[in-house]
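Novice: Dumping the structure here so I can ask a few things about it.
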Amino acid sequence: MSTTASLRRSGALIEMSFHQRRDGNHRDSVGSLKGFVYMATYLQAVDVRHFATPDAREALTCEVRRGLIARPRSLSPWMFYDAEGSRLFEQITTLPEYYPTRTERAILAENANAIVARAHNDRSLPLRLVELGAGSASKTRILLEAALCISDDVVYIPVDVCSDALELACQNVAYAFPEVRIHPTVRNYVTHPLQLEPFDGTTLALCIGTSIGNFPPEEARLILRKLCVQLQTGDALLLGTDMVKNEPTLLAAYDDGDGITAAFNLNILHRLNRELGADFDARCFRHRVLWNSIESRIEMHLECTQEQYVSIEDADLDLHFMSCETIHTENSYKFTERDIQRLLKEVGFEIRGAWKDRRDWYTLTLARLR
Ligand code: AVJ
């Protein structure tokens, strides 16, 4: 059962939804919630301290036990996105080496009207945009602007594991488009698939920012299949995918000269120290990136540079890291056109259009549910 807190600013309605456990405790999916969420300067503050739940810690503890006991060791990329990780990722998106964000934004700036018009052809009906992994929603505003051109009833559901990022997204959107109804949802859509209310209009699901690239093909199919279940025939999906390209460009995008991506990667250890009482010495780990051409993915690892004993109190774990041992923290799969077509076809979508940049570095594909 979901619980809704409503905040009202003249004209703009923002509803936050949280999942309620059987024992009545509210919970967000994962990630610590700050004491207060200020939606916009005009809105009243909501004390969400009691929303920060043992479950967030539980999900973190389960993941740590799953990933750090196994060999090779790994941790899931959703663990990057606590407040500090989300902040570092926003910084990454501004780096000269990290081309995906600005390339996608340029494609959207040129084609948002065409994309939205093709997704929503009955202008008398409301239009709902549901975004998986919305982050700060800085690019989504381009799509919302286009949506408001063809429908005067637009609903936006940003979904993110990090409430701080979501807070920023809501502020950005509520300020720019007070007429948009915003329903932010703090949720880990990987571990807790999204549940959408029935909607009497068109839903355009957004999986942009190449976030689908974090998942191996079978998991990507599973995530899109679970999304399909929440959509109706005629609803659409906009999928953003980073394409396979020359290795030096790919490696530089994940190992920038300023070391921001390295800090983003190492932040996972700092997070475990902060939230699970671990005692990682992050100075004894270094950021490693490699291009796995067989799997068509960039891999990020943390390599132990000095033998280390680590205890993670809340996970009841004592670990021994040998020098050169690694923790695999992220995959970023890169796509070919055939990969995109196969993925969308297999989960039940028919492709309605594709938009690229002039270097074919990035593709936005619009698909409709059959
Ligand atoms: C947010 C998952 C799309 O894989 O490109 C950026 C995350 N990792 N730099 C990506 C990321 C390192 C990003 N995604």
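Novice: Look at Asp255 and say whether it is under 21 Å from the mean Cα position of the chain (by Cα), farther than 17 Å from Gly67 by Cβ and assigned to a strand (DSSP E or B).
Specialist: Criteria not met by Asp255.
Novice: How many of the residues in region 232-250 are in contact (Cβ under 8 Å) with a residue 12 or more places away in the chain and either away from the ligand (no atom under 16 Å from the Cβ) or over 20 Å from Ile298 (Cβ atoms) (or both)?
Specialist: Count: 7.
Novice: Is it the case that region 348-355 has a residue that's touching a Ser or Thr at 6+ places or on another chain (Cβ under 6 Å), of a type in the set (Lys, Arg), assigned to a strand (DSSP E or B) and in contact (Cβ under 8 Å) with a residue 40 or more places away in the chain?
Specialist: The answer is no, given that none of the residues of region 348-355 is touching a Ser or Thr at 6+ places or on another chain (Cβ under 6 Å), of a type in the set (Lys, Arg), assigned to a strand (DSSP E or B) and in contact (Cβ under 8 Å) with a residue 40 or more places away in the chain.
Novice: Tell me whether region 142-159 contains one or more residues that are among the hydroxyl-bearing types (Ser, Thr, Tyr) and within 16 Å of the ligand (Cβ to nearest atom).
Specialist: no
Novice: Out of Ala263, Ala282, Ala253, report the one residue that is surrounded by 14 or more Cβ atoms within 10 Å (Cβ to Cβ) and without any contact (Cβ under 8 Å) to a residue 40 or more places away in the chain.
Specialist: Values: Ala263 fails: without any contact (Cβ under 8 Å) to a residue 40 or more places away in the chain; Ala253 fails: without any contact (Cβ under 8 Å) to a residue 40 or more places away in the chain.
When all the criteria are applied, what remains is Ala282.
Novice: Taking the options Phe321, Phe285, name whichever one is of a type outside the set (D, E, K, R) and touching a Leu at 6+ places or on another chain (Cβ under 6 Å).
Specialist: Phe285
Novice: Moving on to the next point. Can you confirm whether Thr103 is within 13 Å of the ligand (Cβ to nearest atom), of a type in the set (Val, Ile, Thr), at pLDDT 95 or above and surrounded by fewer than 17 Cβ atoms within 10 Å (Cβ to Cβ)? Talk me through it step by step, then tell me what you get.
Specialist: On the way: within 13 Å of the ligand (Cβ to nearest atom): yes; of a type in the set (Val, Ile, Thr): yes; at pLDDT 95 or above: yes; surrounded by fewer than 17 Cβ atoms within 10 Å (Cβ to Cβ): no.
Answer is no for this residue.
Novice: I've got another one for you. What single numbered condition from (1) more than 16 Å from the ligand (Cβ to nearest atom); (2) in contact with an Asp or Glu (Cβ under 7 Å, 6 or more places away or on another chain) fails to hold for Glu167?
Specialist: Of everything listed in (1) more than 16 Å from the ligand (Cβ to nearest atom); (2) in contact with an Asp or Glu (Cβ under 7 Å, 6 or more places away or on another chain), Glu167 misses just condition (2).
Novice: I want to confirm something. Restricting to region 67-97 and keeping residues that are part of a helix (DSSP H, G or I) and not hydrophobic (A, V, I, L, M, F, W, C), which single residue is farthest from the ligand (Cβ to nearest atom)? Explain how you work it out, then say what you get.
Specialist: Residues of region 67-97 part of a helix (DSSP H, G or I): 67-69, 77-80, 83-92.
Now drop any that are not not hydrophobic (A, V, I, L, M, F, W, C), which leaves 67, 77, 84-87, 90-91.
Working: Gly67: 17, Pro77: 6, Glu84: 14, Gly85: 10, Ser86: 10, Arg87: 13, Glu90: 11, Gln91: 10 Å.
Top of the filtered list is Gly67.
Novice: Residues that are under 27 Å from Ile260 (Cβ atoms) and free of Cβ contacts under 8 Å to residues at least 24 places away in the same chain, at least 2 per element: which helices (runs of 4 or more DSSP H) completely within region 98-180 meet that? Let's see the steps before the verdict.
Specialist: Numbers: elements: 100-119, 140-150, 163-176.
The helices (runs of 4 or more DSSP H) meeting that bar number zero.
Novice: How many residues does region 181-232 contain that are over 20 Å from Ala147 (Cβ atoms), part of a loop (DSSP other than H, G, I, E, B), at pLDDT below 95 and of a type in the set (A, V, I, L, M, F, W, C)?
Specialist: Result for region 181-232: 1.
Novice: Within 16 Å of the chain's Cα centre (by Cα) and surrounded by fewer than 19 Cβ atoms within 10 Å (Cβ to Cβ): which single residue out of Leu206, Leu194 fits that description?
Specialist: It is Leu194.
Novice: Given the conditions (1) away from the ligand (no atom under 16 Å from the Cβ); (2) farther than 25 Å from Asp339 by Cα; (3) part of a strand (DSSP E or B), and given that Arg286 satisfies all but one, which numbered condition is not satisfied?
Specialist: (1)
Novice: Turning to a different aspect of this structure: Looking at region 322-336 only, could you name the residues that are outside any strand (DSSP E or B) and more than 15 Å from the ligand (Cβ to nearest atom)?
Specialist: Hits for region 322-336 are Met322, Ser323, Cys324, Glu325, Thr336.
The values are calculated or read from the model by the stated rules, or taken from the named source; none is laboratory data. Note that the coordinates shown come from a computational prediction; the quantities given were computed from them, not determined experimentally. Glycine also receives a Cβ, built like all others from the backbone with ideal geometry; neighbour counts cover every protein chain displayed.
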